[in-house]
Each structure stands twice: as structure tokens, then as C-alpha cells.
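Everything on this sheet refers to the single structure shown next.
The values are calculated or read from the model by the stated rules, or taken from the named source; none is laboratory data. These figures come from a predicted structure and were not determined experimentally. With ideal geometry, Cβ positions are generated from the backbone for all residues, glycine too; neighbour counts draw on all protein chains shown. Please note that ligands, DNA and RNA were not included when accessible areas were found on the heavy atoms of the full protein model with its side chains. Shrake-Rupley method; radii C 1.70, N 1.55, O 1.52, S 1.80 Å.
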Amino acid sequence: MEDPIYQFARRIREASRISVLTGAGVSSASGVPTFRGEEGLWKSYSPQELATPEAFERNPKLVWEWYDWRRGLISGCRPNAAHDVLSLWSKRYPEFTLITQNVDGLHEKAGTENVIRFHGSIWEVFCRDRCRSSPERWVDETVPLEKIPPSCPYCGGLIRPAVVWFGEGIDNDVLAKSTAALDCDIFMTVGTAAVVYPAAGLVDAAHQRGAFTVEINLEATSASGAVDLSIQGPAEDILQKVEDLLSQNTDT
Ligand code: APR
């Protein structure tokens with residue numbers, strides 16, 4: 001049987017439209033904690049208390065303290081080989097789309113083109129009341145925040161992180177762009193537990209539209225059984241190996 005890494009490289013070589021969905025596992029080697037698993041954030045913190053609109057209404061200070069801590073942590077992290085290889089591919093393949101559930105901004109930091117931030121960005125904020133004088137959202141990279149919870153500079157009310165919390169919908173524009181990316185030759189899902197919808201449904205949807213689907217993850221997930229090729233191992237190693245094969249230009 002063909003080595004899965006060779007098969008993956010061959011498929012990429014033959015593809016012209018490449019789409020990728022990434023999750024927290026891609027940033028793990030950079031030092032950004034994942035959400036699930038033994039070391040995951042949801043082991044020590046409750047999503048209901050920190051990542052829902054209701055939690056923010058109840059206790060904006062607590063929610064902002066958690067985001068301020070994460071922003072501080074992420075600000076010290078650099079992209080790893082997984083981000084770098086995906087960035088390279090985003091420039092090499094003209095029809096390349098990267099949909100990320102990560103809010104850390106590391107794909108952008110690696111210079112990746114055509115990134116769709118499915119769950120928003122931890123580096124953007126918006127007015128909780130969507131006051132009339134404020135923009136829809138804006139960049140705020142202050143670390144640490146001067147005041148918690150921070151105030152809206154336009155109305156004096158509260159601002160909140162521009163991330164998608166549990167119970168919130170995905171932006172229509174983001175959904176439309178992600179749906180367009182399902183029409184591709186190869187769709188890979190990398191470093192995601194594949195349990196949070198609608199992101200978790202994208203790989204199946206791409207498969208139904210005829211894409212060859214690949215999963216890269218440290219372990220089997222709920223998506224593993226349904227993809228065409230499941231490769232287990234660290235994304236930073238596997239993507240680097242595939243890129244080495246592609247750049248050697250050998251017959252894979
Ligand atoms: N290489 C590949 N996979 C890895 C690596 C690695 N180096 N390290 C961890 N993983 C895998 C884990 O096995 C796990 O399946 O990454 C996955 C991370 O899963 P989660 O922590 O659940 O992250 P994700 O799937 O991105 O979460 C989705 O849930 O809490 C929400 O909004 C949050 O965007 C997040 C969403």
C-alpha cells in the first residue's frame with residue numbers, strides 16, 4: 001500500500017484547487033494551548049463561564065481577564081512549521097483557501113494568503129452595544145489591557161472580543177466564502193477535534209462535492225472514518241515532510 005504521506009504529496013501535486021481547515025492543533029507546537037484533550041483549556045476552564053454571550057453579560061470582567069491572559073500568552077508565540085508550510089502553499093497554489101477556527105492570528109503572522117477566520121480574531125474587538133459611531137470591529141493588540149473590562153472609545157460602554165462564542169452564529173460573509181472553498185480538488189482538515197459545528201461539517205460537505213479529503217491529527221477524531229486519507233502525527237512534522245517531497249520534485 002502506498003505510504004499515506006506519499007499519497008498526500010501526490011494528490012497535492014495533481015491538485016489545482018486546495019482548501020484547508022485548521023484547528024487548535026496547528027498552533028500547539030507554537031505553545032498555544034488547545035481546547036480539548038489532557039492539556040486542553042476546557043479541562044481547567046468552563047466554556048459556559050468564559051465563552052458564551054451570557055457569560056459576558058454576567059461577568060464581563062472575568063471573561064476579559066481570561067482573554068487578556070490568552071492574548072498575553074499568544075503574543076509571545078511564533079508560527080511553527082505547520083503555519084509556514086501552509087503559508088508557502090497559499091502563495092504557490094493560485095486557488096488556495098485556508099479556513100481557520102483559530103483566533104490567534106498565527107496563520108496571518110506566517111504570511112498566509114486567503115485566510116478565512118471562521119471564529120473571528122482575538123486581536124479584534126467590537127462595541128457590545130454596537131453603538132452607532134463605532135466601526136463594525138477594529139484591531140486592538142494592547143497587551144496587557146490597561147483596564148478590565150475595557151470600554152468602548154466611542155460610547156463608553158463595553159467592548160468585547162470579536163470572536164464567535166458558543167451559541168453564536170457564523171458571519172454570513174464568512175460562511176459564503178467557506179462554502180465556495182468546498183469546491184476544490186483536495187480538502188484537508190488539520191489539527192481539529194472536529195466536534196464544533198458548523199466548522200466540523202465542512203470536510204464532509206467538501207467530500208460530497210467531490211473533493212479528495214485528508215485529515216492530519218495526532219489521533220483519530222470523529223472525522224477520521226469519513227475522510228479519504230487519515231494521517232496520524234504532529235501537523236508540523238507531516239506538513240514539513242510533504243513539502244520536502246514536493247520540493248524534491250521526486251515521483252511521489
Ligand atoms: N498536530 C496535529 N494535531 C494536533 C496537534 C499537533 N501538533 N496537537 C493537537 N492536535 C489535535 C488534537 O488531537 C485535537 O484533535 O488537535 C485537536 C485540537 O482540538 P481542539 O482543542 O478541540 O481544537 P479545535 O478543534 O480547533 O476546537 C474547535 O472549539 O472551543 C472551541 O472555538 C473553539 O475554535 C475552537 C473550537
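Here are a few things to note about the model shown:
- Each label point was placed 7 Å from the Cα along the Cα-to-Cβ direction; for LYS147 and GLU57 their separation is 2.4 nm.
- Rounded to the nearest whole Hz, the Karplus-based 3J(HN,Hα) values (6.51 cos²θ - 1.76 cosθ + 1.60, θ = phi - 60°) of segment 229-239 follow the sequence 9, 10, 10, 9, x, x, 4, 5, 7, 5, 5, with x at glycine and proline.
- Placing a pseudo-label 7 Å from each Cα along the Cα-to-Cβ vector at TYR6 and LYS109 gives an inter-label distance of 3.7 nm.
- Projected label distance in nm at SER46 and TYR197, using a 7 Å step from Cα toward the beta-carbon: 2.5 nm
- With the gyration tensor restricted to C-alpha atoms of segment 168-215, the semi-axes of the equivalent ellipsoid amount to 17, 14, 8 Å, longest first.
- At R0 = 41 Å, FRET efficiency that the Cβ-Cβ distance of GLU65 and ARG92 yields, to 0.05: 0.50
- Translational diffusion of the chain was estimated from the Stokes-Einstein equation, with Rh taken as the Kirkwood radius over Cα pairs; at 20 °C and 1.002 mPa s the coefficient is 113 µm²/s.
- Looking at the chain, the DSSP beta bridges with both ends there are about 25 percent antiparallel.
- Per residue, the accessible area of segment 86-137 comes to 45 Å² when a 1.4 Å probe rolls over the protein heavy atoms.
- Surface composition of segment 185-252: carbon and sulfur make up 45 percent of the accessible area, probe 1.4 Å.
- Excluding ligands, DNA and RNA, the accessible surface per residue across segment 203-247 is 44 Å² with a 1.4 Å probe.
- Residues whose amide H falls under 5 Å from that of PHE96, counting only those 5 or more places apart or on a different chain, are ILE18, with hydrogens built in the peptide plane.
- Counting only alpha carbon atoms, the long axis of helix 4-14 and the longest principal axis of the chain meet at about 90°.
- Of all DSSP bridge pairs formed entirely within segment 16-154, close to 20 percent run antiparallel.
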